[in-house]
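Reading through the structure tokens given below for one structure.
The values are calculated or read from the model by the stated rules, or taken from the named source; none is laboratory data. Keep in mind that what you see is a predicted model, and the values were worked out from it rather than measured. As a convention, Cβ positions derive from the backbone with ideal geometry for all residues, glycine included, and neighbour counts pool all protein chains shown. Note: accessible area is taken over every heavy atom of the protein model, side chains too, but ligands, DNA and RNA are not part of it. Shrake-Rupley method; radii C 1.70, N 1.55, O 1.52, S 1.80 Å.
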Amino acid sequence: MLAQARQRIVLIIAMLSYFLTALSNSIVLTSLTKLTADLDLNQVTLPWVQNAYGLAFGSFLLIGGRLSDALSRRRVLNLALVIFMLGSLLSVLAPNGLIMIISRFLQGIGSALLAPTSMALLIDYFTGSGLVKAIAWYSSVAGLGSSVGLVIGGVLASYLSWRIGFCLNVPLCLLMLGLAWWALRQSPTPTPSPLDVWGTLTSVLGCGLLVYALNGATQPLVTLLVALVILAGFVVTEHRSAHPILPLSIFNNWTRTNGYLSQAILNGAVMGYWFFISEYLQQARHYSPFKVGLAYLPLSLTMFLGAMIVPRLIDRWQNKRVLVAAVTVEFIGFALALFTFGQAYWPSVGLPMMIIGIGQGLALAPLTNMGIDHVSADRSGVASGLVNAAHQLGGVLGLALMVNVAASLFSAQAIASQFRVALMIALVMVAVVTGLALTGKREG
């Protein structure tokens, strides 16, 4: 009974972790117009309020996963929650755009430690079909956290202040600290090993410059070249390191590698869509932040419903078939959004959102299962970190790519045209993921 109770608490901790990161990711989207006015943001700095969080999240996830394996899960979880709370409090007090971006970056670091640790806990405490169900529950929180964040963000931005939204993170973090103190007292004793300092530095710097090259760099081609050189150096460093933060052998399994690539590309399409549709609804259709939050509900709620039914589908069809079906559904949703563009809310926004949400909800669990496929216990944190790194960094790169291409073709005032370009890019990205899904090995 005690073991079962501990399992339930571990699942609650993992779900709250995902809820917290999803909430912090989405609560900003419905506050973009208010944030722009209050903090005097411009076309270049505005995306960085979102990018700073996603960039830190994606860049530090590898060291987060490595720390999760090298140190006590409970210790890393507690550190992550403290850092995340500090970033949230700094966001509340931010007097300008620079401090806001810094605070979001700090939140991202906390999330980078939190996400792989919470997912690794699931691998520690669950096995077999129990693990598949636990991951499905874990993935389902993405839609729920996003929908809550969008609605709360819209209400607060419309009637009170967007700053209050960041205060909500504090009681959630305190609750998780209490649950971890009870449930994780007997967590497995890790084997200590040196940390890969050079690998950490090159991965963070390389990823940061890569995103900067796509959004904000005065010399993007030069910045991109430098980023690629540093990332190449990261690969060499990891190949030579006795204790790499990213053991390259983890990519020897094509199912895992396919999962990471698909995760990155698919989330890039979705995050770009979320960003642009928020701007479009507020600027072109003059929705209030609260109304924008409500407008997102078809997508967020169907994501949750899709994730709830996915365990039974995986039992029957396995990961590959479910993923192919999921990305096909998403492609249909994006195509419908492009075809009905400019029409009334339900045909052009609501119905496509429902279809995209179902597809995304069905895709998250198979992609996560692929990312941890046949991973050894001592590398579960690294594999979990890669799953989350692909998800977060893919979202940042996808958003940066869409912003960069759309801004090069149309002015900031032509948000409808920019959104149409973003939809076209999203369609191409989902088509690529469909191709990757079809190349996977047949299971069972």
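Below are the figures for this structure:
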quantity: Gap separating the Cα centres of region 44-111 and region 124-143, nearest whole Å; calculated: 24
quantity: Full-extension gain in nm, residue 424 to residue 174, via 0.36 nm per residue minus C-alpha separation; calculated: 85.8 nm
quantity: Relative contact order (%) - region 339-444, alpha-carbon pairs under 8 angstrom, separation at least six; calculated: 14
quantity: Whole-angstrom gap from region 383-421 to region 354-373, using each part's C-alpha centre; calculated: 20
quantity: Listed residues 372, 358, 83, most fluctuating in the chain (Gaussian network, C-alpha, under 10 Å); calculated: 83
quantity: Rg/Rg_globular for region 1-153, with Rg_globular taken as 2.2 N^0.38 Å and Rg from C-alpha atoms; calculated: 1.11
quantity: Stokes-Einstein diffusion coefficient of the chain, Kirkwood radius over Cα pairs, 4 °C, 1.567 mPa s, in µm²/s; calculated: 60
quantity: Part-to-part distance (alpha-carbon centres) for region 203-223 and region 249-286, which is given in Å; calculated: 19
quantity: Relative contact order (%) - criterion: Cα under 8 Å, at least six apart; region: the chain; calculated: 25
quantity: The chain - mean residue ellipticity at 222 nm from DSSP helices (-39,500 (n - 2.57) per run, n ≥ 4, rounded to 500); calculated: -28000 deg cm²/dmol
quantity: Global form of region 4-65, assessed from the alpha-carbon gyration tensor, a/c cut-off 1.5; calculated: oblate
quantity: GNM result for the chain, Cα springs below 10 Å: residue of 321, 285, 256 fluctuating most strongly; calculated: 285
quantity: Residues of region 398-426 with amide N under 17 Å of a point placed 7 Å along Cα→Cβ from residue 43; calculated: 400-422
quantity: In order through region 115-120: 3J(HN,Hα) via Karplus (6.51 cos²θ - 1.76 cosθ + 1.60), integer Hz, x for Gly, Pro; calculated: 5, x, 5, 5, 5, 5
quantity: Most mobile listed residue (181, 48, 274) in the chain, GNM with C-alpha springs under 10 Å; calculated: 181
quantity: Cα gyration tensor shape for region 252-309, rounded if a/c is under 1.5, else prolate or oblate; calculated: oblate
quantity: Simple Cβ-charge dipole of the chain, Lys/Arg +1 and Asp/Glu -1, about Cα centre, in debye nearest 20; calculated: 680
quantity: Candidate residues 173, 167: accessible-area rank, largest first, probe 1.4 Å; calculated: 167, 173
quantity: Solvent-accessible ranking of 66, 379, 8, largest area first, probe 1.4 Å; calculated: 8, 379, 66
quantity: Per-residue HN-Hα couplings for region 95-101 [Karplus 6.51, -1.76, 1.60; θ = phi - 60°; Hz; x = Gly/Pro]; calculated: x, 8, x, 4, 5, 5, 5
